[in-house]
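Everything on this sheet refers to the single structure shown next.
The values are calculated or read from the model by the stated rules, or taken from the named source; none is laboratory data. None of these values were measured; they are calculated from a predicted model. When we count neighbours, we look across all protein chains shown, and the Cβ atoms used for this are built from the backbone with ideal geometry, even at glycine. Ligands, DNA and RNA are excluded from the accessible area calculation, which covers all protein heavy atoms including side chains. Shrake-Rupley method; radii C 1.70, N 1.55, O 1.52, S 1.80 Å.
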Amino acid sequence: DFATPRAILTGHDYEITCATVCAELGLVISGSKEGPCLIHSMNGDLLRTLEGPENCRRPKLIQASREGHCVIYYENGLFCVFSVNGKLQATMETGDSIK
């Protein structure tokens, strides 16, 4: 048996740097090197774009909760919390950075 993709997720202009699946909500959230993070359904439909503040570029880690929150860690040491509806709820700068 060969594995076949269930869905193809489109919408990023640059390479994917991080992704997470929230099976409870039926969502896939992915971030690209120079672009925004995108929320897709498990069927591949593009649902939302998560736009952080201007200095939020290069997402490195994404985690989604079954309660509908998404935490994204960016390369410059900044965390952003979004609702799955795409609303930015909070930001926090750590002063650390990942290279």
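Side notes on the structure shown:
- Accessible surface, the chain, averaged per residue in Å² (probe 1.4 Å): 64 Å²
- Each label point was placed 7 Å from the Cα along the Cα-to-Cβ direction; for LEU46 and TYR14 their separation is 1.6 nm.
- Extending 7 Å from the Cα toward the beta-carbon at both LYS33 and ASP1 defines two label points whose distance is 3.6 nm.
- Inter-label distance, VAL21 to GLN63: 1.9 nm, where each label sits 7 Å from its Cα along the C-beta direction.
- Estimated dipole of the chain in Debye, rounded to 20 [Cβ of Lys and Arg +1, of Asp and Glu -1, Cα centre]: 40 debye
- Percent accessible area from carbon and sulfur atoms, the chain, protein chains only, probe 1.4 Å: 49 percent
- In the context of the full protein assembly, LYS87 retains an accessible surface of approximately 140 Å², using a probe radius of 1.4 Å and ignoring ligands and nucleic acids.
- Relative contact order, percent, the chain [alpha-carbon distance under 8 Å, six or more residues apart]: 19 percent
- When you filter the GluC sites (Glu not before Pro) in the stretch 53-99 for DSSP loop state and at most 12 other Cβ atoms inside 10 Å of their Cβ, you are left with GLU54, GLU67.
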